[in-house]
Amino acid sequence: MKRLSNSYFIIPIVLLSLISCNFSQSTPEIKQEPKPNIIVFMVDDMGWQDTSVPFWNKKTSFNKLYQTPNMERLASEGMKFTQAYATPVCTPTRVSLISGMNAARHRVTNWTLRRDKYMVNPPKGLEMPKWNLNGAQPTDSISNAVHITPLPQILKDNGYKTIHVGKAHFGAIGTPGADPTTLGFEVNIAGHAAGAPGSYYGLKNFENTRRNENIWDVPGLEKYHGKDIFLTEALTQEALLAMDQSINEEKPFYLYMAHYAVHTPIQGDPRFEQKYTDQGLLPVEAKYASMVEGMDKSLGDLMDHLDKKGIADNTIIMFMSDNGGLSAVARGGEKHTHNKPLSSGKGSVHEGGIREPMLVKWPSVTKSNSVSNEKVIIEDYFPTILEMAQIKNVKTVQKVDGISFTNILKRQEISNKDRALFWHYPNNWGPTGPGIGATSTIRK
């Protein structure tokens, strides 16, 4: 061989090929585990008792009132959490979910809508504290907002098809965060800045005809306009189509199935309302119960579709509500839901406003029909989902407060039993003052 001036040697190509060939034959192929599909099934304003699944140590009269067979089915196939928590109102919970931050840190402490505007009046005689009333943003260029690295963006960057269906409510009108696609969702169906639908009825085009503004109109569902279809069903049909597209692309999907139900306006689902009326429920209670059952049917339709497509064994389902049930008295003097024996409801940092129904099915991981009494909170979803998706060493612009609960799902030793949970709600929401009597809570 000829010696080169830089002291390197030329190895004959034939020898190099043999070395390469022998190496490839002797090295075993590493088979990578397929990433699971992940569905977060988020219900709006669903109270702790608004289901036939008991989340207490016994079944109550409220549990006997509602018919949610698919929640029962999910509970029988996975794990039920009896002490799961969110925030008192919707936007803070949703920001915590996609950022992993506690609301006291991200400072989106109340619901958002109009840019740079407080959506509630300050308590009488008090000044309203400053908070990030423009919500979560993928940029640091928006004032009065929190800049985050969103969970959907991380999942998208790591090979997931990210699908948003239903209520978004992440950022104020006119900001990037009002559009879920700026936060990492590849597909956005019906999500925008508003946190409630104008109407649940396709015959009314999902619009509020009693007001002269279209701010509440549900966008992107024009093909259902004029049709006799309830919003919950329309969103479910769209979710199934989006899942099929991901299956055809042979990509794992993250589906954020965020129903507008069971948020106001309380409008009866025609498929179920009459039977509750026949049971003797007051009109507003019958309408609400029918909305709950319609939501439950959506869950069942998704689960049936996973079975039909043969992907149920590789799909994680996480069921959660964004805050406690709305227990305020309606105009007619009726309450459509109750959170007893927990005190208060939506808008309060009392237990009735923050404790939620939560179920998780992780095939081959969670034990069927299991129950956990461990405390978890909404920001814990962020690190948990990343761990489920096998995504490591993630860098975010925000500090993540959430703690993964995969060890709970795997029934492993819990290292954070003495962890304190925090809520901060320095806002006026209900009729009786800031946070309906409290602005901050610590549970330890």
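The values are calculated or read from the model by the stated rules, or taken from the named source; none is laboratory data. Note that the structure is predicted; figures quoted are calculated from it, not measured. Note that each Cβ is placed from the backbone with ideal geometry, even for glycine, and that neighbours are counted across all protein chains shown. When the accessible area is computed, the model is the full protein with side chains, heavy atoms only, and any ligands, DNA or RNA have been set aside. Shrake-Rupley method; radii C 1.70, N 1.55, O 1.52, S 1.80 Å.
Any idea how many residues of segment 58-91 are open to solvent by less than 60 Å² (accessible area, probe 1.4 Å) and part of a loop (DSSP other than H, G, I, E, B)?
8
How many residues, within segment 369-393, are open to solvent by 70 Å² or more (accessible area, probe 1.4 Å) and part of a loop (DSSP other than H, G, I, E, B)?
Total satisfying the criteria: 5.
Return the pair list, or none, for Cβ contacts closer than 8 Å from residues in segment 307-328 that are hydroxyl-bearing (Ser, Thr, Tyr) to residues that are open to solvent by 10 Å² or more (accessible area, probe 1.4 Å) and modelled with pLDDT under 95, at least 6 apart or on different chains.
SER327/LYS335; SER327/HIS338; SER327/SER344; SER327/LYS346
Could you tell me which residue of segment 108-142 is modelled with the highest pLDDT, considering only residues that are among the small types (Gly, Ala, Ser) and open to solvent by 20 Å² or more (accessible area, probe 1.4 Å)?
The selected residue is SER141.
Do you know which residues across segment 337-354 are under 10 Å from GLN49 (Cα atoms), open to solvent by 10 Å² or more (accessible area, probe 1.4 Å) and either polar (S, T, N, Q) or out of contact with any helix residue (DSSP H, G or I) (no Cβ under 8 Å at 6 or more places or on another chain) (or both)? First the steps, then the outcome.
We begin by selecting, within segment 337-354, every residue under 10 Å from GLN49 (Cα atoms); these are 337-342, 352.
Now narrow it down to the ones that are open to solvent by 10 Å² or more (accessible area, probe 1.4 Å): 338, 340-342.
Within segment 337-354, PRO341 is the sole residue that qualifies.
Which members of segment 134-186 meet the condition of being of a type in the set (Ser, Thr, Tyr), assigned to a loop (DSSP other than H, G, I, E, B) and within 21 Å of PHE253 (Cα to Cα)?
THR149, TYR160
Here are some conditions: (1) closer than 23 Å to THR162 by Cβ; (2) out of contact with any helix residue (DSSP H, G or I) (no Cβ under 8 Å at 6 or more places or on another chain). LEU231 meets all but one. Which one does it not meet?
Against the list (1) closer than 23 Å to THR162 by Cβ; (2) out of contact with any helix residue (DSSP H, G or I) (no Cβ under 8 Å at 6 or more places or on another chain), LEU231 comes up short only on (2).
In the list SER327, SER290, which residue meets the criterion of being surrounded by 18 or more Cβ atoms within 10 Å (Cβ to Cβ), of a type in the set (Ser, Thr, Tyr) and assigned to a loop (DSSP other than H, G, I, E, B)?
The conditions single out SER327.
Looking only at segment 160-185, which residues are basic (Lys, Arg) and either within 16 Å of the chain's Cα centre (by Cα) or open to solvent by 10 Å² or more (accessible area, probe 1.4 Å) (or both)? Lay out the reasoning, then the answer.
At the first step, the residues of segment 160-185 found to be basic (Lys, Arg) are 161, 167.
Result: LYS167, single match.
Quick check on segment 331-363: of everything there that is modelled with pLDDT of 95 or more and either touching a His at 6+ places or on another chain (Cβ under 7 Å) or part of a loop (DSSP other than H, G, I, E, B) (or both), which residue is farthest from VAL89 (Cα to Cα)? Before the answer, list the steps.
Pass one, segment 331-363, residues modelled with pLDDT of 95 or more: 354-363.
Those left that are additionally either touching a His at 6+ places or on another chain (Cβ under 7 Å) or part of a loop (DSSP other than H, G, I, E, B) (or both): 362-363.
Working: TRP362: 28, PRO363: 31 Å.
Residue satisfying both the conditions and the ranking: PRO363.
Could you identify the single residue in TYR260, TYR224 that is in contact with a Lys or Arg (Cβ under 8 Å, 6 or more places away or on another chain) and open to solvent by less than 60 Å² (accessible area, probe 1.4 Å)?
Selected residue: TYR260, the only one of TYR260, TYR224 that is in contact with a Lys or Arg (Cβ under 8 Å, 6 or more places away or on another chain) and open to solvent by less than 60 Å² (accessible area, probe 1.4 Å).
Quick check, is ILE316 part of a loop (DSSP other than H, G, I, E, B) and either open to solvent by less than 30 Å² (accessible area, probe 1.4 Å) or touching a strand residue (DSSP E or B) at 6+ places or on another chain (Cβ under 9 Å) (or both)?
Taking the combined requirement at face value, the residue does not satisfy it.
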